[in-house]
Amino acid sequence: MNIKTIKEWIDNLSSSRKMILGFLSSTIIGSFVLMLPFALQEGETLNLLESLFIITSAICVTGLSVVDVSKVFTPAGQMVILIFIQLGGLGVMTFSSLIFVIAGKRMTYEDRVVLKDERNADDSEEISSFLKKIVYTVVFIESIGGILLTYIFMKELNFSFQKALFYGVFHSISAFCNAGFSLFTNGLEGFSQNIMLNLTISYLIILGGIGFAVITSFVTVIRKDINRFNLTSKLAILISIILTFGGTVLFLLMEYNNPSSIGDMGFLEKLTVSFFQSVTTRTAGFNTVPLANLESGTVFLFLILMFIGASPGSAGGGIKTTTIGVIAFYVIGVVKGRKQTELFNRRIGWEIINRAVSVLFLSILYISIITIIILTIESFDFEKVIFEVISAFATVGLTLGITPDLHWFSKVLIIITMFVGRLGPLTFALAIGESKKKEEYEYPKENILVG
């Protein structure tokens, strides 16, 4: 098979299959790079499965790891991980399209479609303008975060400027991309009462998880190019606020007297940690308290927050805030006996509702199957296994401590789960089941009793 034949084969792939191929190819390349001697500390080794796990976790902006990133990898190896975190946060197709634009090459119509699908972009916007907005947004937000974190690490840990800068940039990119990778062995637990760091990381996570569409919509409103947010932005912001502050209050109430988490802190520190964990649990995977010591009710709360996740077009995972929002308003409409689903004085089309329900159903089905398989392999408690699976699927990266001890086959399943979660279960379902042949007929309709 020559290069021309391969190119023609790729060109004929659907947008969903091109996205899968792009992520898969990048992951394989990165796995071999991370195993090279320059990336590993002296005396450290990394097998292919471990390398594949970490690179998948990086490009899928998850944060789960089977080794201690701070001890196993050299600064060069950590930089490789950081590059793949940024690549995953931007999106493989977004990154490759950016290279095309910089090189002055024209993109095909099919490539533009794939890019729009990956970023959930507005079809009416020019690609070059769209890419510029993304780059400016990412650089601006991550730069501010990097500066603040560099100052914090110099002040609190007495790091040299060079080391503090590297740590600041690493954690800023990791937070904005919702990756959850940290260069500290215990994550950010040592900074649980540092309000400035908590708020900085939270700010990065929120902006990275709200989605580029919402950010650009917000900027456009501020510049008064338009006088209102679009419906996607309104719903994403509404659900994000409900989840963030609802999660904060519930975490604070359930962990208030738990000495293993926030029980021994002052009220302001308790509130800060509660807010931070509510933010990071939905998308990023950083932790400032030991997760293994949380109350069972808190763990269940985390499962819900992780499953819902971030907003569409963002670096975060989960079924997305707008998905659960559409379903919630649909159910409200059914309960009130409405014929249409209404949201902010707008009517939601059935194709959107069908897509939202499909995403919810496929996600629950996939998580259930993977959880059952891993439970038959491992001896860990159900709580720890389902937490691990949902964390991987929602590309969160939190764990109750079982990741390094999983059986090799369970690790493979977690790798696949991170991959499916980053691209979305519906993308995979379309890639497997889509057909170019359109239906040209309809069967007779008949009612089914439900409920």
| request: Find the helices (runs of 4 or more DSSP H) located wholly in segment 373-451 whose residues include 1 or more that are modelled with pLDDT under 90, and list them. | output: 408-423, 425-433
| task | Count, please, the residues in segment 277-307 that happen to be surrounded by fewer than 24 Cβ atoms within 10 Å (Cβ to Cβ) and under 16 Å from V214 (Cβ atoms). | result | 0
| task | Only residues in segment 291-303 that are more than 13 Å from I262 (Cα to Cα) count as the first member; pair them with residues that are among the hydroxyl-bearing types (S, T, Y) and assigned to a helix (DSSP H, G or I), Cβ under 7 angstrom, at least 6 apart or cross-chain, and list the lot. | result | F302/T281
| query | Can you find a residue in segment 222-232 that is more than 24 Å from L400 (Cα to Cα) and under 20 Å from the mean Cα position of the chain (by Cα)? | reply | yes
| remark: Of the residues in segment 24-78, those that are of a type in the set (V, I, T), in a helix (DSSP H, G or I), within 15 Å of S182 (Cβ to Cβ) and in contact with a helix residue (DSSP H, G or I) (Cβ under 7 Å, 6 or more places away or on another chain) come to I54, V69
| query | Restricting attention to segment 254-276, does a residue exist that is of a type in the set (G, A, S), assigned to a helix (DSSP H, G or I) and at negative phi? | reply | yes
| query | If you go through segment 191-221, how many residues are at pLDDT below 85 and of a type outside the set (F, W, Y)? | reply | 11
| remark: When restricted to T371, T395, T403, T399, the only residue touching a Cys at 6+ places or on another chain (Cβ under 8 Å) and either surrounded by 12 or more Cβ atoms within 10 Å (Cβ to Cβ) or closer than 23 Å to F53 by Cβ (or both) is T395
| Does T321 satisfy being closer than 13 Å to V396 by Cβ, crowded, with 24+ Cβ neighbours inside 10 Å, among the polar types (S, T, N, Q) and touching a residue at least 40 places away in the same chain (Cβ under 8 Å)? | no
| remark: Counting only residues in segment 324-342 that are in a helix (DSSP H, G or I) and of a type outside the set (A, V, I, L, M), the one surrounded by the most Cβ atoms within 10 Å (Cβ to Cβ) is identified as G325
| query | Here is a list of conditions, (1) part of a loop (DSSP other than H, G, I, E, B); (2) under 21 Å from A310 (Cβ atoms); (3) of a type outside the set (G, A, S), and Q86 meets all of them except one; can you say which number that is? | reply | (1)
| task | Scan segment 246-256 and give yes if some residue there is under 19 Å from I195 (Cα atoms), surrounded by fewer than 20 Cβ atoms within 10 Å (Cβ to Cβ) and free of Cβ contacts under 8 Å to residues at least 12 places away in the same chain, otherwise no. | result | no
| query | If you go through segment 191-218, how many residues are more than 17 Å from T281 (Cβ to Cβ), in a helix (DSSP H, G or I) and polar (S, T, N, Q)? | reply | 3
| request: Return the residue satisfying two criteria in turn: it lies in segment 169-190 and is outside any helix (DSSP H, G or I) and of a type outside the set (G, A, S), and of such residues it is nearest to the chain's Cα centre (by Cα). | output: N178
| request: Spot the failing condition for S96; the list is (1) surrounded by fewer than 15 Cβ atoms within 10 Å (Cβ to Cβ); (2) modelled with pLDDT under 90, and only one is missed. | output: (1)
| request: Just name the residue that is surrounded by the most Cβ atoms within 10 Å (Cβ to Cβ) out of those in segment 374-392 that are more than 20 Å from the chain's Cα centre (by Cα) and among the β-branched types (V, I, T). | output: I374
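The values are calculated or read from the model by the stated rules, or taken from the named source; none is laboratory data. Everything numeric in this text was worked out from a predicted model, so none of it was measured. No Cβ is skipped: glycine too gets one built from the backbone with ideal geometry, and neighbour counts run over all protein chains shown.
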